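The values are calculated or read from the model by the stated rules, or taken from the named source; none is laboratory data. Only a predicted model underlies this, so the values are computations on that prediction, with no experimental measurement involved. As a convention, Cβ positions derive from the backbone with ideal geometry for all residues, glycine included, and neighbour counts pool all protein chains shown.
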Amino acid sequence: MEGYVKDPKSAGLDPKEAKRLMVDLQNRHSRLRDIRSRYRAFIIDEAQDNSAQQWRLLGRLWGSRALPDGTPTPDTPWEPTICCVGDRKQSIYAFRQAQVSGFVDFGNALRNMNEHEFHSIPALTRKPELRRQNAARDPRYSADGGFATASDLPESRSKAEGAWIRFDELEKGSSGPIDALARSQGHIELVVNYRTAGGLLNRMNDWWEDIFSLGHDRFPGDWYARPQALLPSRTNAEGRFEWLVPASISNSEHPNADLTAPLDPFSSGSSSEMENALITSRIRSLLDGTQTRVGEVDQPDCGQYTPGEILVLLPSRSKLDDLMTRLEASGIPAVADKEGGLLLRPVIRPLLGLLQWISRPASRHAAATVARSCLVALNDKELQTFLGDAKIGENLIQRLVEITPESPHQNLVRRWLAHSQEGSVVEALHETLNHGDLLLCHPRPSERSDAEQFVHLVESQSNEVGGDSILLADRLSRLADVAGNDLTSAGVSTADAVQVMTIHGSKGLERKCVIVGGLFSEGQGNISHDLRQRVIATPSLFASNPRPWITQSSLDSGVWTLARTLQEAQIQAEARRLFYVACTRVKDLLILAGGPNDSIRVDNTISMKLRSLPMPTFGHMWFEALGWEPEEDGRHLIEPQSLPFAVHCHVSELGDTSTATSPLVRLTRLNESSQIAHESVSTNISMKAPTRTRGFKIYPHQLDKAATCPRCYLQLMRLGLSTDAVSQFTTGESTQSASERIGLPPANVIGSIFHRLIEVGLENPGLSSEISVPLPIQWTEISPNLLENDQVIQSVLDELLPPDADADAMKSLLKQMSKAVISGPLGTLTSGLKWNEEIVEGLRTELPFSLQHSLEIDAAEQMWTPHGPNNLAQIERFIYSCNGITDLVLCTRLEDGNGAIRAIDFKTTGAAHLYAGWPHPLLEAEGDTRHESEQEMLDDYKMQLALYTLSLIHQEQAREKAGIASRKVLPPAILSTTTGRMIMMTEDEMESAIEELMTLLQEIAELALQDQGEHDCNCSLSLSNLRLFSNSTKESE
């Protein structure tokens, strides 16, 4: 770039553009150096799973970084400390470009870097030294006090012989060769396994010697893993290994024609069905602690397992549904991870359709989706009548109510209609799950979990869109179309359930028992997808196989043949690593399940023939590792009794006593259960409902709006809508606010800025004489008047002023308002002078408070059901909780010497008019009499002022009960910051406001316990009159 700046024409650049690019590059590099300086060390776990993109991203953080002035730059390209932990044998994510070669290349680069740093950075070898040519310091050495950083390293640490480990020193218990050079360059091989039982680990070590041997390399490359004999930490634990072989029974008869009799998979089923039956029976026996046998020989008892201790790993999901169905039928709690996109799950589609229908009752598509689902279950003729005779734009939920016979089901549909009119989608979904037939038709625990997860998703999205049902429906519809597969189903909790997952999802997991299924499944290593796409693209390989003439075969291409061979070799190598990962998740009991499709059991012998495949399966690898050779006819004859591990080929050997049921029997039972919904159920209203206390959170700034219509306010709260986020609907064009017309920030921002200025700049006179009632030191600490101080004003503007606002205009306005406040009653009081027969003893700005107010109430809390309301509890007490901040609290001494306390709220209404010199009612106020606009302001905020006063009353009453001197609570006031006038309530007004507040809280409590039916209202908070998130033309405080 420097050359281009000197000669921009050589790059075809304008001189200004070349300089701009140079400055931009310098800024980016400087920012990158600053980011690098934040991190002094990197520890990268599972480094073999990094893709090429991830290595590049990390590499950006490892270059030269910003250093303090005077700090010498180390002679190394990578300045931070980097430690990566990985295992080539566990690299199984090539499908997302995480290849072994990248991990190997990084390891080699790291070794070269360590070698370079050892010879070029003196700090590593100076006294006390950190590294030696033939040894390294062990940070675990405890003779000098345990772990220590390099800067804290005592000199004795480097001299103690036990603190150093030689690179050529063997690991305890190991007899293998040591690569001392690799160790000296930072490549440390960990050889101790702390997870798997010793006997089982040693058995598997023998497998890996063959599976990862050089003889299986199909093509030279650096993507192969090599065997490593791990040393068991649990040397005294033997562990256990079993093989479940799905072998059909020879000479079996035709299937039973009786549809009520279940089919025996070992007589007429496929290999995968037999395998799933064996896995299910083995899990059942582990949960029950049932003894198993091989043939007629009983096997040693392995104890009783809990569901959470069992992990089932499958190469793919193709046979997952059958396995989950069998586990459910056997009463085994099980969960499969990521069972597909949440919004595309069958149990979710009716709920998604109902959400769309409630938001748009005239939608024929949504109506048909719900009507044909298990929620309504109309047949073709009924659906044609329902939609064919409907008028365009008709409310189809209302129409469904009319054509549905009177029943609990009609009550549920009528309830949908009420929720549609109220816009309460979340409540409709909850009641549908509780009282509809959805979970009867989808009874699996995972399906119930999916439905609950969907409702939680709707709740979170509802909060983001402000509770509007149409916006919510549109957002969920877009999510289903665009990201239906990305929002995965979480499944049920795995805390006490058998976990079923693919091998790729098991990294980092361990279980007491691991069952690896699909031993002979051909989906473990498959290149057919890449070949169908006719393109192979990896970080190190790109080739294509074009077919320009569709009527002719593909062109012969040596590049494509070579690329395909390389890709097949890499996929086969990863399949071997996949088998390794699956087996090494185990702690005590490893079970392999699977067999060739034509496996047959004859008496006590199992006959099987391994198909010749270009991509060997796990079973092929395992057979080769065991050294098993076929007979002359190519078939293997397995005699389970002669093997050193248990081989089970039928569920009868696993203590299976469960009675299987046919699909017809299951459907018949389901149909009988569904008939219960049509039986007459009497309304059960408990006359002796338990007594309870209920709570409700209120917000000070919303109380005055709540007073205009408590019922609509509660409806907004249920929908997650804040009263601050709505404004009254107007048919005319919205006019520009006063602040916008003169370039000032919005009125609420002006209020926040001036509130902050008063917080940091308001004078506190401190104590001038003996105090009437003791105060904390924070209340009486002397502070000067800084409201007009330029530095203070500028710091406040730097903190809160929007970047597009006129800073000079805002500064001028702040000085005008500050002058008005200082010249008014508050300025008099804070200067230490008397006003209204009061003298300030202490003050606090932005005083936080927490208030709990209890109301006695006698009301029943009921839950809607299709059979009538059901009493849940009798509410005898309603507790309001409120957290807020009072703008200013003044503690004063009255003329009689008693202490007093008062809450003051700041309002910046009319600020823009003050700056522009425009007329405003508040600016007309003068003298001692209260102006009409000031009275209107008091009326607009009297509930908020009453709450502030109520919190002070509770505070002083608590002090009296504790025997501590208290203050008299004076009527609250509003400080108009544009005029400096103090607008105080009278004693009567204060008592009346508190009484009105109590009445409002009582009404809200009663309404909160009532069912929100249809409510026709034309108030400013009514849903029919609301425009969401519009700019208000009225200045707020």
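Restricting attention to region 85-104, the residues that are of a type outside the set (Gly, Ala, Ser) and touching an Asp or Glu at 6+ places or on another chain (Cβ under 8 Å) add up to 6. If residue 302 satisfies every condition in (1) under 30 Å from residue 655 (Cα atoms); (2) at pLDDT 90 or above; (3) in contact with a Gly (Cβ under 9 Å, 6 or more places away or on another chain) but one, which is the exception? Here residue 302 meets the rest and fails (2).
Please indicate, with yes or no, whether at least one residue in region 602-619 is more than 44 Å from the chain's Cα centre (by Cα), of a type in the set (S, T, N, Q) and buried (at least 22 other Cβ atoms within 10 Å of the Cβ). No, that holds for no residue.
Every condition in (1) at pLDDT 85 or above; (2) surrounded by 14 or more Cβ atoms within 10 Å (Cβ to Cβ) holds for residue 182 except the one numbered (1). In this structure, is residue 452 surrounded by fewer than 18 Cβ atoms within 10 Å (Cβ to Cβ), in the same structural domain as residue 592 (by TED's automatic domain parsing) and modelled with pLDDT of 85 or more? No; evaluated as a whole, the condition is false for this residue.
Just one of the numbered conditions (1) outside any loop (DSSP other than H, G, I, E, B); (2) loosely packed, with under 13 Cβ neighbours inside 10 Å; (3) free of Cβ contacts under 8 Å to residues at least 24 places away in the same chain is not true of residue 30: (3). Only one of the numbered conditions (1) surrounded by 17 or more Cβ atoms within 10 Å (Cβ to Cβ); (2) under 40 Å from the mean Cα position of the chain (by Cα); (3) modelled with pLDDT under 85 is not met by residue 663, and that is (1). Given the condition at pLDDT 95 or above and farther than 20 Å from residue 699 by Cβ, answer yes or no: does some residue in region 901-921 qualify? Yes, because at least one residue in region 901-921 is at pLDDT 95 or above and farther than 20 Å from residue 699 by Cβ. Set side by side, the residues 78, 55 differ, and just one is crowded, with 16+ Cβ neighbours inside 10 Å, modelled with pLDDT of 85 or more and either assigned by TED's automatic domain parsing to the domain that holds residue 508 or not β-branched (Val, Ile, Thr) (or both), which is 55.
Are any residues in region 912-933 of a type outside the set (Phe, Trp, Tyr) and either closer than 18 Å to residue 987 by Cβ or outside any helix (DSSP H, G or I) (or both), and if so, which ones? The answer is 917, 919, 920, 925, 926, 927, 928, 929, 930, 931. The residues listed here are 349, 360, 326, 364; of these, the one that is touching a residue at least 24 places away in the same chain (Cβ under 8 Å) and not assigned by TED's automatic domain parsing to the domain that holds residue 410 is 326. Taken over region 598-622, residues that are more than 26 Å from residue 310 (Cβ to Cβ) and of a type outside the set (Lys, Arg) amount to 15. Hey, can you tell me all the residues within region 851-866 that are over 25 Å from residue 882 (Cα atoms) and out of contact with any Pro (no Cβ under 6 Å at 6 or more places or on another chain)? Within region 851-866, 863, 864, 865 qualify. Restricting attention to region 201-248, the residues that are over 17 Å from residue 592 (Cβ atoms), part of a loop (DSSP other than H, G, I, E, B), among the hydrophobic types (A, V, I, L, M, F, W, C) and touching a residue at least 60 places away in the same chain (Cβ under 8 Å) total 5. Scanning region 873-893 for residues that are of a type in the set (Val, Ile, Thr) and within 30 Å of residue 777 (Cβ to Cβ) turns up 885, 886, 889, 892.
Just one of the listed residues (847, 851, 843, 829) is outside any strand (DSSP E or B), under 26 Å from residue 946 (Cβ atoms) and assigned by TED's automatic domain parsing to the domain that holds residue 967, and it is 829. When 378, 320, 313, 342 are checked against the criterion of being farther than 30 Å from residue 244 by Cβ and in contact (Cβ under 8 Å) with a residue 12 or more places away in the chain, a single residue qualifies: 342. Quick check on residue 595: is it in a loop (DSSP other than H, G, I, E, B) and either surrounded by 17 or more Cβ atoms within 10 Å (Cβ to Cβ) or assigned by TED's automatic domain parsing to the domain that holds residue 280 (or both)? Considered against the rule, which asks whether it is in a loop (DSSP other than H, G, I, E, B) and either surrounded by 17 or more Cβ atoms within 10 Å (Cβ to Cβ) or assigned by TED's automatic domain parsing to the domain that holds residue 280 (or both), residue 595 comes out as yes. Taking region 401-440 as the range and being among the charged types (D, E, K, R), in a helix (DSSP H, G or I) and touching a residue at least 60 places away in the same chain (Cβ under 8 Å) as the test, the residues that pass are 415, 422, 427, 431. Under the condition of being in contact with a Pro (Cβ under 9 Å, 6 or more places away or on another chain) and not in a helix (DSSP H, G or I), which residue from region 788-812 is surrounded by the fewest Cβ atoms within 10 Å (Cβ to Cβ)? Ranking the candidates gives 804 first. Cβ contacts < 9 Å: first residue surrounded by 11 or more Cβ atoms within 10 Å (Cβ to Cβ), restricted to region 117-134; second residue assigned to a loop (DSSP other than H, G, I, E, B) and acidic (Asp, Glu), any location; separation 6+ or different chain. Result? Within 9 Å, the pairs are 117/75; 120/75; 121/75; 134/168.
Number of residues in region 871-898 that are loosely packed, with under 15 Cβ neighbours inside 10 Å and among the polar types (S, T, N, Q) equals 3. Checking each residue in region 205-230 for being modelled with pLDDT of 90 or more and either crowded, with 20+ Cβ neighbours inside 10 Å or polar (S, T, N, Q) (or both) picks out 205, 208, 211, 212, 213. Here's a check for you: in region 854-911, which residue that is touching a residue at least 24 places away in the same chain (Cβ under 8 Å), out of contact with any strand residue (DSSP E or B) (no Cβ under 9 Å at 6 or more places or on another chain) and assigned to a loop (DSSP other than H, G, I, E, B) is nearest to residue 971 (Cα to Cα)? Checked region 854-911; the qualifying residue nearest to residue 971 (Cα to Cα) is 897.
Checked against the criterion of being at pLDDT 90 or above, surrounded by fewer than 16 Cβ atoms within 10 Å (Cβ to Cβ) and in the same structural domain as residue 283 (by TED's automatic domain parsing), the candidates 639, 624, 632 yield just one match: 639.
Of the candidates 561, 565, the single residue that is among the β-branched types (Val, Ile, Thr), in a helix (DSSP H, G or I), closer than 30 Å to residue 223 by Cα and touching a residue at least 24 places away in the same chain (Cβ under 8 Å) is 565.
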